[in-house]
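The values are calculated or read from the model by the stated rules, or taken from the named source; none is laboratory data. These figures come from a predicted structure and were not determined experimentally. Glycine gets a Cβ as well: all are built from the backbone with ideal geometry, and neighbour counts include every protein chain shown. Accessible surface areas use protein heavy atoms only, side chains included; no ligands, DNA or RNA. Shrake-Rupley method; radii C 1.70, N 1.55, O 1.52, S 1.80 Å.
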Amino acid sequence: MIDKIRIKKELANVIKETNFHGFGKLERGKVRDSYIQKNRRILIVTDRISAFDCILGTIPFKGQVLNQMAAFWFEHTSDIVSNHVLAVPDPNVMVVRECEQLPLEFIVRGYITGVTKTSAWYNYERGVRNFCGNILPEGLKKDQKLEKPILTPTTKLEKHDRPISRDEAIAEGLIDAATFDKAAEICFKLYNRGVEIAAERGLILVDTKYELGKINGELVVSDEVNTPDSSRYWFSDTYHKLFAEGKDQRKLDKEYVREWLVEHGFRGEGTPPQLSEEVMIEAARRYIEAYELITGHKFVVYDEPSLPRIEKNLSPFRLSA
């Protein structure tokens, strides 16, 4: 495990963005830089961090953690559903097949928690009992395990994600019933696999977001799977004690940063506070710990500068003039 002293040294050596030439049209997302080619795209996972739909800055090693953990999960769920991965030529890079993305994000929740406006606990605390078509019972407590996992989709092509039910999504013409139901079946299977593997590592996969697309009419899972950006992880050995005492769970995910933002009065409106050095270092430590615990692999730090390394490793995918 890399110590905080080493992480601190990397605060100024992060991947904020890329501007490579010869690899296709550049599209910049919140976290990933995409280079679009015919029938495929190059995804470069930067160290940018976002929360509440805002880019907040960078976290050392975050992009490498996300990319390598996504690759791990794509490999360990390929028997459930096909994915878009073609190659992983660099710790921060994934080359993928181009997909026709579904206009929804599919969030599977096994516990009721969260501080964002689309989270289950935030809505439940404010009196919502029909959450995305799921009828929630009275008397639930924060961080409580649900009787069974629920699916709570959100829109993904709007400025801010909006919780939506199956019936609403169909009525709005976002998706047809058959595609939604097949996607839901896949997502529950992915979540159950994630729960099983996390449990073997002493962790609880609390909830997670999946994105799916179509290739030649077949549903495939894309973007990322069960990473600390798209999921919540808690330590299982202290879950029951902390829940009984009404205390916060021990976390290994981006929720640590979200909660810091909320404590500083930010939930997505206005200008976000600048992340402190302490928060950036601790977030990086948690990302790395999550990677090592879940994959069973030691996190490898590469001493050469990141951008030249990435461009060199991408050379086989450079477009001919």
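At-a-glance table
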item: Segment 143-223 - Rg over Rh from alpha carbon coordinates, Kirkwood radius; result: 0.99
item: Mean separation of Cα contacts under 8 Å (6+ apart) over length of segment 105-224, as relative contact order %; result: 29 percent
item: Cα pair distances of segment 1-68 binned at 5 Å [whole percent]; result: 4, 17, 23, 22, 17, 11, 5, 2, 0
item: Cβ crowding within 10 Å averaged over residues, with 101-113, 79-91, 299-311 ranked highest first; result: 101-113, 79-91, 299-311
item: Diffusion coefficient, µm² s⁻¹, Stokes-Einstein with Kirkwood Rh over alpha-carbon pairs of segment 200-299 at 20 °C and 1.002 mPa s; result: 138 µm²/s
item: Measure of compaction for segment 27-147 (Cα Rg per 2.2 N^0.38 Å); result: 1.30
item: Translational D in µm²/s for segment 143-277 (Stokes-Einstein at 37 °C, 0.692 mPa s, Kirkwood Rh from C-alpha pairs); result: 191 µm²/s
item: Of all accessible heavy-atom area on segment 239-279, the percent that carbon and sulfur account for (1.4 Å); result: 46 percent
item: Leading residue at positive end of dipole, segment 1-105 (Cβ point charges), from VAL31, TRP73, PHE20; result: PHE20
item: Charge dipole of segment 204-258 about the Cα centre (unit charges at C-beta), most positive-ward option of LEU242, TYR210, VAL221; result: LEU242
item: Candidates GLU158, GLU98, GLU292, ranked by Gaussian network fluctuation over the chain, Cα under 10 Å, top entry; result: GLU158
item: Probe 1.4 Å, protein heavy atoms only - accessible area per residue of segment 130-236 in square angstrom; result: 45 Å²
item: Helix-only mean residue ellipticity at 222 nm for the chain, each DSSP H run of n ≥ 4 adding -39500 (n - 2.57), per residue, nearest 500; result: -9500 deg cm²/dmol
item: Of VAL262, VAL31, VAL225, the one that fluctuates the most in a GNM where the chain has Cα springs shorter than 10 Å; result: VAL262
item: Per residue accessible area of segment 1-66, 1.4 Å probe, in Å²; result: 45 Å²
item: Rounded Å value of the spacing that divides the Cα centres of segment 279-309 and segment 212-277; result: 17 Å
item: Local electrostatic count at LYS312 - Lys and Arg +1, Asp and Glu -1, tallied over other residues with Cβ under 13 Å; result: -1
item: Alpha-carbon radius of gyration plus Dmax, which is the widest Cα pair, for the chain in Å; result: 19.3, 64
